[in-house]
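J.: I am attaching a structure below and will ask some questions about it afterwards.
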Amino acid sequence: MSQTRRILKNATALYVAEFVSRAMTLVLTILVARTLGSTEYGKLALVLSVMAIAQNLTDFGFSTLGVKLIANEPGAVNRIGSAMLVLKVALGVVTSGAIIVIVLLAGVPGDLAWIFVFNSLTLVTLAYTTSMSSIYRGHEIMQFDAYGRTGIAFLTTAVGALLISSGHGVVAISALTLALTFVNALYMKSVNDRQRLFRFEWPRSTQEYGPLLKQALPFAVLAVLVAVSFRVDALILGLFESTTAVGEYSAAYRVFELLLIVPAIFAGVLLPTTSARLNSDKASAHSLTMIAIRYFTYLCFPLAIGVALLAGPLITLVYGNEYPGSIIVLQIMSFTVIPTFISSLTANIIHASSRPQHNTYIALFNVIFNVSLNLILVPILGLRGAAITSLATQTIGLVIGTVLIARHVFVLPYWLAIWRPILASLVMAGVIVAFTSLWLLPVYIIVYAVTLYALRAFSKRDQEILREALPARRRGTVST
């Protein structure tokens with residue numbers, strides 16, 4: 001298979017798996033939220049926020065580092081994979097044990113304690129499956145990882161729905177999650193047995209662990225900081241508010257998260273090209289980035305304004321009438337889409353530049369800013385405070401990234417890209433206010449698209465610049 005087709009196949013497999021996984025998670029979230037209520041869902045959401053941070057601690061950046069090292073030294077896969085697996089399982093055992101001990105010593109109520117126990121135990125099995133995933137990705141056969149994620153997502157949602165319809169609660173859902181991580185681990189092992197990509201060998205010396213830990217540290221710090229930045233709001237809500245408030249906040253956040261698949265996918269696709277262009281032709285990289293920013297603004301502004309105006313009927317449609325607090329959260333959070341979309345591109349530029357560590361500095365600042373503002377606003381404003389903090393954090397992170405890029409790479413004149421989508425979105429907003437209904441969504445899209453076209457938002461030069469910027473990688477000596 002040619003290199004181009006292999007890259008396309010791997011990217012497609014992973015992105016389809018990501019979309020299906022998030023969509024299935026949202027479906028199960030809706031079932032839990034509508035059937036069991038905001039209090040029960042709040043318990044699960046609180047635990048999952050803790051687990052998101054704990055999983056990044058357990059992974060310690062090895063998922064990213066492992067792919068890089070194995071791709072560079074495929075002949076050393078047994079040595080690298082074995083040391084990585086031992087470290088990750090050890091971290092999983094320690095982190096899982098620490099969470100269980102803390103829960104028991106803190107006297108957490110019975111059902112919530114069991115949710116913590118079941119979910120914390122998944123850290124051990126996930127240490128194995130994510131290690132195998134890194135090995136598959138390092139060998140550029142990512143479809144097996146995608147098959148596993150897709151299958152587990154469907155199983156979790158299907159069996160979870162059966163449990164809920166049978167009268168079981170979130171404790172049973174957590175036990176199911178643990179059981180299915182074992183199923184996924186067995187699947188990953190069976191794939192490896194067939195493909196014979198990796199054979200476990202106990203590291204000959206503890207000295208093999210040191211260099212891996214040192215190399216993984218920057219990836220680990222960045223991953224943990226990002227996880228904390230995105231999840232700490234729910235944890236702080238849990239300190240000052242009830243689990244009902246956590247449930248209402250998380251219900252809106254799940255809808256918001258689904259919108260973030262688009263920038264994650266396209267930013268990932270653009271990263272290799274941006275990196276190559278930045279090193280060889282900065283003007284071409286700048287043109288490509290501005291085109292991407294322009295099209296991202298064409299998406300994020302109408303999404304933000306449309307979701308804000310339709311938050312009420314959208315939350316009611318998805319979750320029913322028991323989540324009134326989720327409406328105002330989604331209205332505020334919808335505007336977070338704008339800085340999040342654009343910052344996915346600025347993060348790409350920083351990653352591709354000679355100063356990639358700046359992304360870690362931005363993430364660290366975001367965590368400090370997020371925690372501080374949450375501690376100020378949540379006791380006063382509750383759900384609104386957490387949503388406002390999320391919007392402010394993403395916005396200030398984008399501003400800092402833009403300033404750093406202007407200093408060290410090139411200036412990004414956003415004003416050239418945003419005025420048209422803003423005007424078109426305001427026209428669309430007028431139609432939504434006059435005729436509010438989710439059934440009219442196609443009409444809103446048509447109004448926005450026609451207005452954008454009337455403002456001459458699309459030019460023939462867009463396509464020409466893309467053709468000039470992208471194919472240069474294929475004109476090199478690498479065979480495709």
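The values are calculated or read from the model by the stated rules, or taken from the named source; none is laboratory data. These figures come from a predicted structure and were not determined experimentally. Here the Cβ positions follow ideal geometry from the backbone for every residue, glycine too, while neighbour counts run over all protein chains shown. For accessibility, only protein heavy atoms count, side chains too; no ligands or nucleic acids. Shrake-Rupley method; radii C 1.70, N 1.55, O 1.52, S 1.80 Å.
J.: What whole-number distance in Å separates the alpha-carbon centres of the range 105-126 and the range 321-381?
T.: 28 Å
J.: Another question, then. Which part of the range 425-462 falls in the paramagnetic zone of Y414, meaning amide N under 20 Å from the point 7 Å along Cα-to-beta-carbon?
T.: 425-427
J.: Give me log10 I(q)/I(0) at q = 0.30, 0.31 Å⁻¹ for the range 394-443, Debye formula, one equal scatterer per alpha-carbon, no solvent.
T.: Normalising to I(0) and taking log10 leaves -1.07, -1.09.
J.: Looking at the square roots a ≥ b ≥ c of the eigenvalues of the Cα gyration tensor of the range 354-435, which shape do they give, rounded for a/c under 1.5, prolate if a/b is larger than b/c, or oblate?
T.: Oblate.
J.: Quick one: accessible area per residue over the range 296-398, 1.4 Å probe, rounded to a whole number of Å²?
T.: Counting only protein heavy atoms, the per-residue value for the range 296-398 is 36 Å².
J.: Using only the alpha carbons, work out the radius of gyration and Dmax of the range 308-368 in angstrom.
T.: 16.8, 51
J.: Could I ask something else about it? Given axes a ≥ b ≥ c from the Cα gyration tensor, I'd like to know whether the range 278-435 is rounded (a/c under 1.5), prolate (a/b larger than b/c) or oblate.
T.: Oblate, because a/c is 1.5 or more while a/b does not exceed b/c.
J.: Each label point is 7 Å from the Cα along the Cα-to-Cβ direction; what then is the distance between the points at R355 and I445, in nm?
T.: 4.1 nm
J.: Ok, one more. So how exposed is L91, as accessible area in Å² (1.4 Å probe, rounded to 10)?
T.: 50 Å²
J.: Additional query: For the ranges 240-253, 33-46, 430-443, 110-123, what's the packing order if you count other beta-carbon atoms within 10 Å of each residue, average per peptide, and put the highest first?
T.: Descending mean neighbour count gives 240-253, 33-46, 110-123, 430-443.
J.: How many percent of the accessible area of the range 296-383 is carbon or sulfur, using a 1.4 Å probe?
T.: Here it works out to 72 percent.
J.: Once neighbouring chains are kept in place and the probe is 1.4 Å, which whole percent of the accessible area of the range 384-454 is contributed by carbon and sulfur?
T.: That share works out to 78 percent.
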